[in-house]
Structures are given as structure tokens and as C-alpha cells.
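A short write-up of the structure that comes next.
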Amino acid sequence: MRSGAEQKLARAAAAGAALALALGACSHPWEDYRPAGATSSVPSSAGGAAGGTGAHGAAAAGAGGAAGGGAGAGAAGTGAAGAGPDVPGDAGPDVVACAPNSGDCKDHSDCPASSCVELTKCGFRVCTKPWPEANACSPPGPNECCASKDCPDKGAKCFKGDPKPLCCGETVDVNHCVADACSKDADCNAQGDIMVCIPGGTMGRPMASCVEAPCKLDSDCKAEPGGICAPVTKTTCDRPVGLYCVYYPSDGCRSDADCQGKYCLVAGGRASCKPNPAQCQ
């Protein structure tokens with residue numbers, strides 16, 4: 001016959017297990033909008049209810065919370081002749097849910113042989129395009145490297161071409177040693193308050209780089225309805241130069257291809273089609 005205290009502990013353990021199963025069965029309506037690789041915004045339980053004290057040593061482990069990926073059991077109960085197993089729960093990160101945002105891809109299935117990644121937290125999504133590393137010197141030189149093993153800085157790799165956008169007809173065919181310039185936006189602060197850190201293999205950069213970004217999310221673009229914050233390749237440049245507000249269907253553009261004979265220029269944090277080309281100096 002169990003004592004009153006033992007019966008209360010047993011009921012608490014059973015209730016914890018039932019709650020965990022109920023939470024695990026729930027689906028979250030924002031899952032369809034969550035960017036590739038993001039985790040659930042629902043923080044996981046730090047552990048379930050403690051197991052009850054077993055009269056014969058067969059103590060029941062408390063069930064861990066299932067919401068947000070936590071799957072561990074709570075503290076094990078102790079019995080007269082033994083102790084239940086100690087299985088820690090996985091607390092998981094407390095991640096804020098992302099609101100729907102524009103992008104060139106929705107998830108990895110849109111990116112054959114690559115990945116769908118965010119350029120900024122919860123922001124525009126693109127398919128990565130990794131640069132092949134150089135394995136020989138590029139004539140006529142001078143080259144910084146002929147292969148990645150020639151690069152003196154830790155983590156640097158050898159690539160052919162310039163790691164930054166080339167504009168106004170510039171060409172660079174020699175090899176450069178390139179390392180990650182940043183790992184977070186704060187690393188770019190010295191270059192300006194509107195710079196962000198983008199992943200390597202995006203926006204034509206072989207490694208993580210700082211780029212200009214007057215906007216980070218579609219919600220930052222409020223001058224007209226339907227504004228998006230997107231990578232823009234301005235006139236004369238060979239790849240995107242930064243993230244800017246683009247307003248369709250008015251005069252917004254992401255490159256000259258959107259401008260029907262006009263030119264895609266950037267001013268005041270927005271990209272627009274203009275009749276006159278940029279002046280190259």
C-alpha cells in the first residue's frame with residue numbers, strides 16, 4: 001500500500017508524461033515560413049517531472065517536455081532497492097519565430113547541389129554558390145597564391161578572381177588569399193553602421209563578407225507597399241553590392257535586367273531604374 005506522499009508523486013509523474021505527449025503532437029502554423037536550418041521558436045522544456053519513489057526500487061523517470069525539440073526525461077525517482085535512470089533533457093535554444101520574408105529560395109529543396117541560407121537573421125534567402133579553390137597559378141600574375149596551402153593566414157583559401165564586386169569594367173584574373181572577414185554583424189561595425197555579415201558562397205563572395213545593408217528585412221522597406229529587402233547588382237557591377245529596398249511594381253530593380261533599357265542604381269537605401277547610367281571614375 002502506497003503512502004499518501006507516494007501516491008501524489010506518482011500522479012505528478014503521470015501528468016508530466018501526458019503533457020509531454022500532448023505537446024509533442026502539436027503542429028506549429030509558422031513552420032511553413034521558417035527558413036532553412038532554423039529551429040522551432042518554442043523553447044523546449046528543461047526537463048519533466050521527477051519520477052515517483054518506487055516501493056520496490058523500480059522508480060519511474062519523469063517525461064521531458066517535447067515542445068521545441070526537448071526530448072529528455074526528468075530526474076529519476078529513487079526506490080527502496082534501487083534508482084531509476086538519469087536521462088537529461090535537451091533544453092534547446094530559445095529562438096524567436098521568423099515572420100514570412102522574401103527570398104530566391106524557400107528551403108534546401110529549391111537549391112540543387114547547394115543550400116538555402118539567410119543573408120541576415122530571418123531575412124532574404126538565397127542558394128549558396130561555392131567558389132572552387134584555385135589549384136594553379138593564373139598567368140600573368142602576380143598571384144598571392146597558387147593553392148590554399150600557400151595562404152599564410154589561418155582559415156584563408158586561394159581563389160581566382162577578386163573576392164569583391166568589380167564595377168565599371170574592372171577585371172581581376174589573378175589568385176587571391178581570402179579568409180572570412182566576419183562571423184557576425186558586429187564584426188562589420190568598423191566599416192559602417194549599415195554593414196552586415198553575409199555567409200560565404202553568397203552574393204558572389206567566396207568567404208563570409210561585410211556588405212552594405214540599409215535594410216535587413218522586408219519589414220524595413222516601408223516607403224511603398226510590397227517593398228522587399230534584397231541583394232542588388234547595380235549598373236556596371238558584376239555581382240550584388242549590398243541589400244537594398246526594392247519596390248515592385250513601381251521603379252524597383254535588382255539589376256539592369258529589371259529596367260527595360262534603363263539602369264539599376266542605388267540611392268537613399270533603395271534600388272530604382274533610372275534613365276542615366278552611373279558615372280564611372
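Observations on the model:
- For segment 135-146, Karplus couplings with θ = phi - 60° (6.51, -1.76, 1.60), whole Hz, Gly/Pro x: 10, 7, 6, 9, x, x, x, x, 9, 6, 7, 10
- Reciprocal mean inverse distance between Cα atoms of segment 116-213 - Kirkwood radius, Å: 14.3 Å
- Ranked by how many other beta carbons lie within 10 Å on average, peptides 244-250, 196-202 from highest: 196-202, 244-250
- Magnitude of the charge dipole, segment 177-281, Cβ model with Lys/Arg +1 and Asp/Glu -1, debye to 20: 180 debye
All of the numbers you see were taken from the coordinates with simple rules; none came from a lab. Quick caveat, the model's predicted, so the values are computed rather than measured. When we count neighbours, we look across all protein chains shown, and the Cβ atoms used for this are built from the backbone with ideal geometry, even at glycine.
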